[in-house]
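In what follows, a single structure is set out as structure tokens and then discussed.
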Amino acid sequence: MNENRQNIIYATERLLQTHGLARLTMREIARKAKVAEGLIYHHFKDKAELIFEVVETRVSETKNQMLNLPLQVGTGSLSENLEEVLFSVYHIHYEITPIINCIFADEKLRVRLQEIVKERNMGPQYAIEGLDVYLAAEQRLGRLSDAVETTVLAKCLWMISIQSAMLDRWMGNESDETQARREIRNYLQTLMVGFEPRKKTRAKQYLKKK
């Protein structure tokens, strides 16, 4: 990545994280990035495109993991592979939650960013689809129950990770990798065990009543 472009993106992120949209002017971005204001427009059409690149730079780590997921099919354990991916989703969204909040606080900015996402044919739905493809491949190997609808499971896992990150951020909880991984592991265990009572459990309950 061009060094000036990279500096502009990083400066924009720092301003969003510390001051929100209030001080996010091209002049302030240029000052933070130590570049001429006109150079910003050489790389980005407008403020919305610049914010999009901030988010896109942040989520690239998760996107790369999704691209590598096919290499994990049939290796290690299913739960461990999923934990790595879901922690990555959690970590990135913990970092970008303040930025996302800024976007939703400005209607014009939100609409413009949605246009950019559609123009570039991008968005989280493709990452979810990648997770779905991975789960379906594991299912064909018999490492995931045939009763599972992989598309639904992929979306559930994605949303659990995002919601956990947003909740921790909103509540002011410090980012704790050990705690986050423990929670993700518990979510996975619950989903993999399922909600329906097992025959053995029902038999125990019947015997207690007797």
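The values are calculated or read from the model by the stated rules, or taken from the named source; none is laboratory data. The shown structure was predicted, so the numbers you read here are calculated from the model rather than taken from an experiment. Surface accessibility is based on the protein's heavy atoms, side chains included, excluding ligands, DNA and RNA. Shrake-Rupley method; radii C 1.70, N 1.55, O 1.52, S 1.80 Å.
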TODO: Show that you can apply the helix-only estimate: for the chain, add -39,500 (n - 2.57) for every DSSP H stretch of four or more residues, divide by all residues, and state [θ] at 222 nm to the nearest 500.
DONE: -25500 deg cm²/dmol
Open item on the list: With a 1.4 Å probe and all protein chains left in place, how much of the accessible area of region 9-160 comes from carbon and sulfur atoms, in whole percent?
Closed with: 55
Open item on the list: Output the 0 to 90 degree angle, nearest 10, between the alpha-carbon long axis of helix 3-19 and the longest principal axis computed from the alpha carbons of the chain.
Closed with: 70
Open item on the list: Under 8 Å for C-alpha pairs, at least 6 residues apart: give me the relative contact order for region 71-158, rounded to a whole percent.
Closed with: 37
- [ ] Quick one: angle between helix 124-140 and the longest Cα principal axis of the chain, in degrees between 0 and 90, rounded to 10, please.
- [x] 30
Task: Theoretical gain in end-to-end length, N64 to E3 [0.36 nm per residue, Cα-Cα removed] - done: 19.8 nm
Task: For the chain: accessible area per residue (Å², 1.4 Å) - done: 61
TODO: Report the residue, chosen from A127, A22, A154, that carries the largest GNM mean-square fluctuation when the chain is represented by alpha-carbon nodes joined by springs under 10 Å.
DONE: A22
Task: Option label - Rg and Dmax of the Cα atoms in Å computed here, alternatives (i) 17.0, 54; (ii) 21.2, 81; (iii) 19.4, 59 - done: (ii)
Open item on the list: Helix 78-105 against the longest principal axis of the chain: what's the angle in degrees, Cα atoms only, rounded to the nearest 10?
Closed with: 40
Open item on the list: For M192, what accessible surface area do you get with a 1.4 Å probe? Give it in Å², rounded to 10.
Closed with: 100
